[in-house]
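First comes the structure, then the notes that go with it.
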Amino acid sequence: MAGTDQYFDDIVFEKTDFPKEGFKVGEYDDCRFIQCNFEKLNFSTTRFSECTFTGCNLSLAILKGTSFQSVEFVDCKILGVHFEDSSPFLFSAAFKNCVTDHSSFTGMKLKDSLFDHCHMKGTDFSNADLSSAKFDFCDLADAVFSQSILEKTDFRTSYNFRIDPEMNKMKKAKFSVSGLPGLLEKYHLDINQ
């Protein structure tokens with residue numbers, strides 16, 4: 001990876017305020033970040049492999065060329081982050097109990113991704129491939145799904161979504177009966193549950 005000369009393996013970073021203390025661009029393998037602040041930090045060209053972020057603030061972080069491979073975000077605040085600017089090569093991330101409001105995954109390949117108990121208001125999934133992804137108990141108010149691939153995607157426990165079946169590929173997508181109004185909203189039907 002050009003421009004990176006720092007390598008970190010199996011290190012725990014706890015309660016570090018990286019914007020104040022400085023962040024070293026490089027390769028992070030099997031590292032854990034606990035209650036760290038990365039707000040507005042430039043991660044460009046950094047590689048994270050098998051890392052866990054727990055209770056961290058990554059809001060407005062810059063991800064140009066950043067690599068996320070088998071990364072897990074738990075209890076994190078991730079507001080307004082453009083994940084589509086990160087490296088698509090082997091991108092793999094799980095989000096658990098995170099707030100990703102107004103973040104963007106536009107055009108990304110997110111097959112088999114997990115979003116578990118996340119608040120995702122206004123999150124943009126336009127043109128994303130979410131085949132077999134799982135949205136488990138996620139609040140998808142104002143989330144954008146347009147020209148997205150939602151084949152075998154599981155929305156059964158999620159809520160507040162509005163998805164137009166005519167604007168997305170949805171073969172074998174999974175929904176609960178309570179989610180049907182979110183699929184039919186454009187028809188202005190009076191649906192009683």
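The values are calculated or read from the model by the stated rules, or taken from the named source; none is laboratory data. Note that the coordinates shown come from a computational prediction; the quantities given were computed from them, not determined experimentally. Here the Cβ is made from the backbone with ideal geometry for all residues, glycine too, and neighbour counts use every protein chain on show.
If you go through the stretch 61-75 and keep only what is crowded, with 20+ Cβ neighbours inside 10 Å and part of a loop (DSSP other than H, G, I, E, B), you end up with A61, L63, T66.
Listed by first and then second residue, the pairs linking a residue in the stretch 118-130 that is modelled with pLDDT of 95 or more to a residue that is aromatic (F, W, Y) and in a loop (DSSP other than H, G, I, E, B), with Cβ atoms under 6 Å apart and 6 or more places separating them unless they lie on different chains, are F125/F105; F125/F145; A128/F105. For the stretch 5-35, the candidate set comprises residues that are of a type in the set (A, V, I, L, M) and surrounded by 14 or more Cβ atoms within 10 Å (Cβ to Cβ); within that set, the residue that is nearest to C76 (Cα to Cα) is I34. For Y28, the criteria (1) farther than 24 Å from H102 by Cβ; (2) at pLDDT below 95 hold in every case but one, which is (2).
If you go through the stretch 36-56 and keep only what is buried (at least 18 other Cβ atoms within 10 Å of the Cβ) and of a type in the set (D, E, K, R), you end up with just R47. Taking the criterion of being under 16 Å from T66 (Cβ atoms) and among the small types (G, A, S), the residues of the stretch 87-106 that qualify are S87, S92, A93, S103, S104. When the stretch 38-63 is filtered for residues that are of a type in the set (A, V, I, L, M) and in contact with a Phe, Trp or Tyr (Cβ under 9 Å, 6 or more places away or on another chain), the ones remaining, listed by number, are L41, L58, A61, I62, L63. Within the stretch 81-98, residues that are under 10 Å from L110 (Cβ atoms) sit with their Cβ atoms under 6 Å from residues that are β-branched (V, I, T), at 6+ positions apart or across chains, in these pairs: A93/V71.
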